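Asker: Encoded as structure tokens, here's the structure I'll be asking about.
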Amino acid sequence: MTDATSDLFTLPKAELHLHIEGTLEPELAFELADRNRIRLPYESVDQLASRYSFTDLQSFLDLYYATMTVLRTEDDFAELTRRYLRRATAQGVRHAEIFFDPQAHVSRGVPFEAVVDGIGAALAEAARDQDVSGGLILCFLRDRPVVEAEQILTTALARVDTLIGVGLDSAEVGYPPSLFADVFGRARAAGLHAVAHAGEEGPASYIGEALDLLEAERIDHGIRAVEDPALVGRLAHEETALTVCPLSNVRLRAVPDLTAHPLRSLMDAGVRVTVNSDDPAYFGGYIGDNFVAVQDALELTDLDMMRIAQNSVESAFAPLDRKVALLHEIDGWAARAGVPLT
């Protein structure tokens, strides 16, 4: 049974699977549309919010890309990130590794520098004012030509100091990780970490490709690993983290409901599972909301939730001393909450 003694919003945690464009709440979308003199094809905030109902990943992506057209300037990206960080820190985030999709912006005439400098400015403010650490992970759009990924990486390498890694996202089915092996090789050679979306809607075999061909250090989503017991064993043995996004999986119908989510079975098999929010403005909850929902649906204990938070810190691309400090914060939370450590 679950424990009722703790507040999971105060549990210190790292967020490792968060698309900054997916934090664009309807209210901010209209604010930025007004600022940038853009007419959205919706009459009101409520009408836009009513569209946040999806049948699959593609139906979400159609709205996601249409709405992000309001993001035009460095200040827009900074404000978007500030608002995410305010919500996230209120739900226990102490370290955030933020995904962004530069191809979706550069193709609209937005300079790459405006994107990374805006997000980076907000991260710097959070580090200075709230002791929240983090970094930027550039994601390639897998359903766009590989040559575009090569081009955006070339642009990004001129500002490699602004990044901690590269990832792979967007529509998964039909776009295996193998297509991007050379791009990821260049990124790793430049000293960047590698992660990849795999095994959300795509098959479990995509997870193996991401590990073997992209040398991904974490797998984003990865829930279809449960279809391949040997792969589950490999993930557990190699301590490869899965950045699972439970509310997202339900909203995009990757699972029928949270009670059917494979997170618990993956944990029981020894896989290093983390819990994240993905695109929280669209999927009904930020990271703390995901923690609460998962605990309730899967009858996880506070100790289970503490271990998920520890997994997130241990799997982060943060300096060792920062990880040690955050793990101490988690221990302090457990002591205050009276969590039995056995």
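The values are calculated or read from the model by the stated rules, or taken from the named source; none is laboratory data. From a predicted model like this one, the values you see are computed outputs, not experimental measurements. As a convention, Cβ positions derive from the backbone with ideal geometry for all residues, glycine included, and neighbour counts pool all protein chains shown.
Asker: Can you tell me how many residues in the stretch 237-273 are assigned to a helix (DSSP H, G or I) and surrounded by 16 or more Cβ atoms within 10 Å (Cβ to Cβ)?
Answerer: From the stretch 237-273, those assigned to a helix (DSSP H, G or I) are 237-238, 246-251, 258-260, 263-268; that's our starting set.
Within this subset, residues satisfying the condition of being surrounded by 16 or more Cβ atoms within 10 Å (Cβ to Cβ) are 246-251, 258, 263-264, 266-267.
Total satisfying the criteria: 11.
Asker: Taking the criterion of being closer than 19 Å to Asn276 by Cα, out of contact with any Gly (no Cβ under 8 Å at 6 or more places or on another chain) and polar (S, T, N, Q), would at least one residue in the stretch 51-69 satisfy it?
Answerer: no
Asker: Something else: Applying the selection to the stretch 1-38, what residues are out of contact with any helix residue (DSSP H, G or I) (no Cβ under 6 Å at 6 or more places or on another chain) and either among the aromatic types (Phe, Trp, Tyr) or at pLDDT below 90 (or both)?
Answerer: Within the stretch 1-38, Met1, Ala4 meet the criteria.
Asker: Of the residues Val132, Val106, Val115, which single one is at pLDDT 95 or above and in contact with a Lys or Arg (Cβ under 9 Å, 6 or more places away or on another chain)?
Answerer: Values: Val106 fails: in contact with a Lys or Arg (Cβ under 9 Å, 6 or more places away or on another chain); Val115 fails: in contact with a Lys or Arg (Cβ under 9 Å, 6 or more places away or on another chain).
None of the others qualify; the one that does is Val132.
Asker: Scan the stretch 317-342 for residues that are of a type outside the set (Val, Ile, Thr), outside any helix (DSSP H, G or I) and touching a residue at least 24 places away in the same chain (Cβ under 8 Å) and report the count.
Answerer: 5
Asker: Within the stretch 227-284, take every residue that is among the charged types (D, E, K, R) and closer than 26 Å to Val45 by Cα and give me the one that is farthest from the chain's Cα centre (by Cα). Break it down into steps so the answer makes sense when it comes.
Answerer: Keep residues of the stretch 227-284 that are among the charged types (D, E, K, R), which gives 227-228, 234, 238-239, 251, 253, 257, 264, 268, 272, 278-279.
So of that shortlist, the ones also closer than 26 Å to Val45 by Cα come out as 251, 253, 278-279.
Details: Arg251: 15, Arg253: 18, Asp278: 4, Asp279: 7 Å.
The extreme case among them is Arg253.
Asker: Turning to a different aspect of this structure: For the stretch 37-77, how many residues meet the condition of being farther than 18 Å from Val106 by Cβ and either part of a helix (DSSP H, G or I) or touching a strand residue (DSSP E or B) at 6+ places or on another chain (Cβ under 6 Å) (or both)? Give the steps one after another, and end with the answer.
Answerer: In the first step, residues of the stretch 37-77 are kept if they are farther than 18 Å from Val106 by Cβ; the result is 37, 39-60, 62-63.
Subsequent filtering for residues that are either part of a helix (DSSP H, G or I) or touching a strand residue (DSSP E or B) at 6+ places or on another chain (Cβ under 6 Å) (or both) retains 45-50, 57-60, 62-63.
Looking only at that region, the number is 12.
Asker: Here's a follow-up. Please specify each residue of the stretch 178-206 satisfying the condition of being assigned to a loop (DSSP other than H, G, I, E, B) and either under 19 Å from Pro246 (Cβ atoms) or of a type outside the set (A, V, I, L, M, F, W, C) (or both).
Answerer: Kept after step one, since they are assigned to a loop (DSSP other than H, G, I, E, B), are these residues of the stretch 178-206: 190-192, 199-203.
Of everything in the stretch 178-206, those that are assigned to a loop (DSSP other than H, G, I, E, B) and either under 19 Å from Pro246 (Cβ atoms) or of a type outside the set (A, V, I, L, M, F, W, C) (or both) turn out to be Gly191, Gly199, Glu200, Glu201, Gly202, Pro203.
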